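Below is one structure, written out as structure tokens; the observations come after it.
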Amino acid sequence: MRRNKAQASVFIIIGTILLIAAGIYFYARQQTLRQISPEIEISLEEVPSEFEPVRSFVTSCLEDTSAEGLSLIGKQGGYAGFNSDYSGQSFSLSNDPTDTDAVEFAPNSGLRIPYWHYLSSPNDCENCKFESKRPELRQGENSIQSQLSKYVENNIDRCLDNFNALKEQGFDIAATEKNVEATITENDVAVVLNYDLNVQKENAKAAMTKFFVVLPVSLQKIYNLATAITNMQAEHRFLEKAAINLVSSFAGVDKEKLPPLTDMRFQFGSSTNWIKSDVKTKVTQVLLSYVPLFQVHSTRNYDRNVFDSELRQSLYDDFIVPLQGESYPNLEASFSYLDFWPIYFDLNCNGEFCEPESASSDLLSLVGIQRYNFVYDVSFPAYVEIKEPDALDGRGFNFNFFLEANLRNNEPLPVNVAPLQAAALSFGSQLCDLGNRNSADVEINIRDEGANLPLEDVQVTYTVTDETCFIGATNSKGKLTAKFPTGAIGGVAHFIREDYLKKAVPFDAGLEKKAIEIQLEPVKTKKIIVDKKKLVKTANGWEFQNTPFHLSLKEEAVITLKRNSPLQDEEYTTAASYSLNQPAEIRIAPGSYEATITLFLKDRLAIPERKVRARSGLFEKKEYTIPGIEFNEQSPFPSGGLKLNVTLNPADIERYDTIVFYAVSPALQDIPESERVIEDLQETSKAEYYSKVYQLALQPAFE
């Protein structure tokens, strides 16, 4: 009997051991479904607590290596490396920042940052081409997402160190090939390591196949903001426009200033001159000081200053980069230029010596002229840094890239690159979270001001301080019923539709129903003609003739129309260049405009030298020579202009296809060359005066 009991005890013990072992094995193989982000679910094995050090160690290495790769991608403008394995393309690298695909951040630093928009042709190109080294975010083998996967896969072994740290704790680990899958989600970055590990410690075993980390970095939003800034530069050339405005602001007929773009002085004595290399140094210093003033609207660090001076305000606002659509309240954007990035610079000087085309007499009693006409060619790199200070649990994340500015002949070099596409655009923001849209219904009704018809697909956005969100779009009846955020003061509703002037209306929503009635003015494409009405020199002085004349074959007109916008309308400016050989069109809406026209004659026009007698003492007269001056295609003659407020009526805009503008033109070319004198040139500087005197005769016509 005792023997049977002993036998039974042995079987019970063996059964218990087998049951425990089976339980441990089953527990080690049990999996649970984990959702690591809204877009991603993975199955993870549940392992006994004694194997948690293995999972923690591998996960820690995965997190460190992923963060390291992400940081490198941020520093290098979207690239983990510039070799073909990561980038999938070739990079032309040189020490000249305006002749390279990626700029070396600091001398001998080894850190290269690519251009997201730049002139890929030589600086002295004729058929110039622009390119972008912006990588894709998710699509393709060399996207940022794929590069992060490759980087982690290639570098995690340095951290794992053949699991030596775990082996010292008594773990025996057998590993197979690994694979890494990074996924950039809407709000963060997830990295999954597929790695078959068979782990044993003493008599216990476990198998692990998947590890993951989620890095709290809004990489998609950062990428979209960088893309939006790049597109604004490619389409609107804000770097070049600010640069030429800076040159103009710091220029003047003064040796301590920059050479002026254009100036004409009637004065005696020696002219002002400059040294070209000194001018380059001054331009570099101006860029160093003023490029950091750029701000990006709707970002965390956007802070617009307000000045009493309209001129100062206008210059300051040139450094605000507007965005369309999405706002970025959690991201900061900044610009820099450093003087160890040499600029490309050229100026129309005689070698190193820069002086005006001048003709002057030797004595104060004689008339002299000094004509300054300097043409700047400038290229420079602008460093753009986007920061998410709260990323990575407060450690922050930086993303850097370069944009290149290219001025030629005082104008932005034309671009031939299509806009870059952002990744999965979202119009969400804290202000416009759907949960915060708790106003009463707002009835919006928008019509075409000219035809008085409902307008479909008008985009409605709402801005409070520096945050903008998308509200909705009107239907086929021109209507939109929507809720707005409440509790904000000083909000502005914007109404945007292609081929119409934008409108902005102050609006604060509340708990009572409100209605907004808006009429948008259409923008039409019209042909333009610029004719001239002459000032003719007679025995009685200069006389205005009301008969219009076409421009000559070698004359060109540059016309700018700046709308005197009502309070609710956003600013609108349009411009065109017209000649008989180059007909022009202009995009225009009804309204009052400040019209500015400049005429240039690109043909030979000479004023001969002449001898005059002038008193040099109390009783004595001497003969002096006033040098001549010659204009030509390279140095065109300013043959006329206009500066006048004009009104374009809705009925005329709707009815006619062509607008004829008139400039007043002192007809020096009609005077026989032998009879021209230097004093005649004074008439060319009186365009604004003559525009006011003869404003009724200079109003535009329609045909």
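Every number here is computed from the coordinates shown, using simple stated rules; none is lab data. Values in this document were obtained by computation on a predicted structure and should not be read as measured data. Here Cβ is always computed from backbone atoms with ideal geometry, including for glycine, and neighbour counts include all displayed protein chains.
Under the convention that each Lys and Arg Cβ holds +1 and each Asp and Glu Cβ holds -1, the size of the dipole of the stretch 232-328 around its Cα centre is about 360 debye. Placing unit charges on the Cβ atoms of the charged side chains and taking the dipole of the chain about its Cα centre, the candidate lying farthest along the positive direction among V460, V660, L288 is V460. In plain terms, the residue of I496, I184 with the fewest other Cβ atoms within 10 Å comes first and the most crowded comes last, giving I496, I184. Each DSSP beta bridge with both residues in the chain is either parallel or antiparallel, and the antiparallel ones are about 85%.
Since only F130, P672, T474 are under comparison, the one whose Cα sits farthest along the positive direction of the charge dipole of the chain, derived from C-beta charges on Lys, Arg, Asp and Glu, is T474.
Going by neighbour counts of Cβ atoms within 10 Å, the residues F549, F130, F238, F402 line up, fewest first, as F549, F130, F238, F402.
Length, then width, then depth: along the principal axes, the Cα atoms of the stretch 219-412 run 75, 37, 26 Å. Among residues other than G541 with Cβ under 13 Å from its Cβ, the summed charge is -2 (Lys and Arg +1, Asp and Glu -1).
Counting other Cβ atoms within 10 Å of each Cβ, which GluC sites (Glu not before Pro) in the stretch 495-549 have at most 12 and sit in a DSSP loop? For GluC sites (Glu not before Pro) across the stretch 495-549 that sit outside H, G, I, E and B with at most 12 neighbouring Cβ atoms in 10 Å, the list reads E498, E512. With the cut-off at 38 Å, report for the chain the share of all Cα pairs above it, as a whole percent. More than 38 Å apart: 55 percent of the Cα pairs in the chain. Arranged from fewest to most other beta-carbon atoms within 10 Å of their beta carbon, R610, R676 become R610, R676. Mean residue ellipticity, 222 nm, helices only, the chain: the sum of -39500 (n - 2.57) across DSSP H runs of n ≥ 4, divided by residue count and rounded to 500, is -6500 deg cm²/dmol.
The alpha-carbon atoms of the stretch 62-195 define a convex hull whose volume equals 128 cubic angstrom per residue.
Kirkwood radius for the stretch 434-520, taken over all pairs of different Cα atoms as the inverse mean of 1/r, rounds to 13.0 Å.
Relative to the longest principal axis of the Cα atoms of the chain, the long axis of helix 144-160 makes an angle of roughly 50 degrees. Listed by chain and number, the lysines whose alpha-carbon sits under 23 Å from that of K532, ignoring those within fewer than 8 places in the same chain, are K554, K562, K602, K643, K686, K692.
Size descriptors for the stretch 524-702: radius of gyration and Dmax over Cα atoms are 19.6, 70 Å. Rounded to the nearest 20 debye, the dipole magnitude of the chain is 500 debye, with +1 charges on Lys and Arg beta carbons, -1 on Asp and Glu beta carbons, and the Cα centre as origin.
Spread over its residues, the convex hull of the C-alpha atoms of the stretch 450-593 is 172 Å³ per residue. Taking Lys and Arg as +1 and Asp and Glu as -1, the other residues whose beta-carbon sits under 13 Å from that of L347 total -1. The charge dipole of the stretch 524-702, taken about its Cα centre with unit charges on the Cβ atoms of Lys, Arg (+1), Asp and Glu (-1) only, comes to about 340 debye. When the Cα positions of V536, F307, L93 are compared along the charge dipole of the chain, F307 comes out farthest toward the positive end, with charges on each C-beta of Lys, Arg, Asp and Glu.
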